[in-house]
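Here is the structure we will look at, set down as structure tokens.
The values are calculated or read from the model by the stated rules, or taken from the named source; none is laboratory data. Note that this is a predicted model, so its numbers are computed, not measured. Cβ sites come from the backbone with ideal geometry, for glycine too, and all protein chains shown count toward neighbours. Please note that ligands, DNA and RNA were not included when accessible areas were found on the heavy atoms of the full protein model with its side chains. Shrake-Rupley method; radii C 1.70, N 1.55, O 1.52, S 1.80 Å.
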Amino acid sequence: MSAPSPETTTTSDGARASLEALRTEIAKAVVGQDPAVTGLVVALLCRGHVLLEGVPGVAKTLLVRALAASLQLDTKRVQFTPDLMPSDITGSLVYDARTAEFSFQQGPVFTNLLLADEINRTPPKTQSSLLEAMEERQVTVDGTPRPLPEPFLVAATQNPVEYEGTYPLPEAQLDRFLLKLIVPLPSRQDEISVLTRHAEGFNPRDLQAAGVRPVAGPADLEAARAAVARTAVSPEIAGYVVDICRATRESPSLTLGASPRGATALLSAARAWAWLTGRDYVIPDDVKALALPTLRHRIQLRPEAEMEGVTTDSVIAAILSHVPVPR
């Protein structure tokens, strides 16, 4: 492999510095959610999508809005409800009486960062309207494919404690999300910081007044993606990823293990993490760092294991401790 040119190296380093500055910028609006911020950046680098799970009031919406503001990206929010129709997301043909023709009216999916709020509150028919957008990055209306803007990321949220009146996402759609990020309740000190900010006049609806400024843009993201694509993966690392995913399929606690798409997602996320930490090659620790958010939503527990208190995270942790690590 030939060495990158000095110009390419400078571009790559500058993009990394810009993306690292996102943490500081987003922290002006969101307190104590660094893992979720990192996960969203990893997803952008991998052209993937993110499922954010957390109770109401932990700043999931604010996190996505702050990320968009820091990256100079367009963002739209859709509140998913039981009466939401697929055309409310993708757009529809509208009759224009002046021209006597139908014209396409774009839906909110035509954006860079789509926040699908409480996605499990809408029926499967509407949930599935996102499948083509997430996988093909286009929307087909009346037989005509319409490409979505680039970059494009779906950040869907769901509430883990209230299931009445909800429609759990089917496995096929869950598999389209690169990462499932858990957004926890803040620590005591972080919660004190949140209250102090609000007492001092912080308005979560006015990010500009909070001091959130663009620190990176689409050009930085493209340079970063190109650098991630050059991150080296040894045959041993590829084998390690495959062994982890195959172990999920053989686990007695699971009825469904990770698919080959899950293995591909884990390797992509590990490459992005390796580049963000300053390396141009992947090591086993990169794979371990991204295994939980990449695989937790792609596996399914047996009912008896669930009754015994086993969780998907504990199964993955056990697998990571038993699969031989390449040297």
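Were the residues from Leu195 through Glu135 laid out at 0.36 nm apart, the gain over their Cα-Cα distance would be 17.6 nm.
The range 192-327 gives an Rg/Rh value of 1.12, both radii derived from C-alpha positions and Rh following Kirkwood. A Förster radius of 25 Å, combined with the Cβ-Cβ distance separating Gln106 from Thr264, puts the computed FRET efficiency at roughly 0.25. Amide H to amide H distances under 5 Å link Val139 with Arg146, Leu148, where only residues 5 or more positions off or on other chains count and H is placed in the peptide plane. Once the convex hull of all Cα atoms in the range 166-255 is built, its volume per residue stands at 248 Å³. Taking a sphere under 13 Å around the Cβ of Gly107 and counting the other residues whose Cβ falls inside, with K and R at +1 and D and E at -1, yields a net charge of +1. Against the criterion of solvent-accessible heavy-atom surface with a 1.4 angstrom probe, His322, His198 sort, most first, into His322, His198. Rounded to the nearest 20, the Cβ-based charge dipole of the range 70-165 about its Cα centre (Lys and Arg +1, Asp and Glu -1) stands at 140 debye. Near Thr140: Cβ cut-off under 14 Å, other residues only, Lys/Arg at +1 and Asp/Glu at -1. The net charge is -2. Tell me which label goes with the value of P(r) over Cα pairs in 10 Å bins from 0, in percent computed from the coordinates here: (i) 5, 24, 32, 26, 11, 2, 0, 0; (ii) 6, 26, 35, 25, 7, 0; (iii) 5, 23, 29, 19, 9, 5, 4, 3, 2, 1, 0. Evaluating P(r) over Cα pairs in 10 Å bins from 0, in percent on these atoms matches (i). Ordered by solvent-accessible area of protein heavy atoms (1.4 Å probe), largest first, the residues Asp280, Asp220, Asp34 come out as Asp280, Asp34, Asp220.
Pairs of Lys residues in the chain that lie 8 or more places apart, or on two chains, and have C-alpha atoms under 18 angstrom apart add up to 4. Sorting the segments 171-177, 46-52 by their mean number of nearby beta carbons within 10 angstrom, highest to lowest, gives 46-52, 171-177.
Taking +1 at the Cβ of each Lys and Arg and -1 at the Cβ of each Asp and Glu, which of Ile182, Leu115, Gly14 sits farthest along the dipole of the chain towards its positive end, judged by Cα position relative to the Cα centre? Among Ile182, Leu115, Gly14, the one farthest towards the positive end of the dipole of the chain is Gly14.
Only protein heavy atoms count here; on that basis, with a 1.4 Å probe, Glu150 has an accessible area of about 90 Å².
Each principal axis of the range 1-139 carries a Cα extent, and these read 57, 40, 29 Å when sorted largest first. The modelled label-to-label distance between Glu222 and Arg23, using points 7 Å beyond Cα along the C-beta direction, is 2.8 nm. Phi-derived couplings, Karplus 6.51 cos²θ - 1.76 cosθ + 1.60 at θ = phi - 60°, listed residue by residue for the range 108-121: x, 5, 7, 7, 8, 10, 9, 8, 8, 7, 6, 4, 7, 8 Hz, with x used for Gly and Pro. Spin-label model, Glu250 to Phe202: label points 7 Å out along the Cα-to-beta-carbon direction sit 4.8 nm apart. The simple spin-label model puts a point 7 Å past each Cα toward its Cβ; for Asp142 and Gln79 those points are separated by 3.1 nm. Here the 3J(HN,Hα) profile of the range 19-36, calculated from phi with Karplus coefficients 6.51, -1.76 and 1.60 at θ = phi - 60°, is 6, 5, 5, 4, 4, 5, 5, 5, 5, 5, 10, 10, 9, x, 10, 4, x, 5 Hz, Gly and Pro shown as x.
Normalised by residue count, the range 116-194 yields a Cα convex hull volume of 133 Å³ per residue.
Computed from backbone phi, the HN-Hα couplings of the range 258-272 come to 6, 7, x, 5, x, 5, 4, 5, 5, 5, 4, 5, 5, 5, 5 Hz, rounded to whole numbers (Karplus: 6.51 cos²θ - 1.76 cosθ + 1.60, θ = phi - 60°; Gly and Pro given as x). DSSP finds beta bridges in the chain, and of those with both partners inside it, around 40 percent are antiparallel. Each of Phe102, Phe152, Phe202 has its accessible area taken with a 1.4 Å probe; listed largest first, they run Phe102, Phe202, Phe152.
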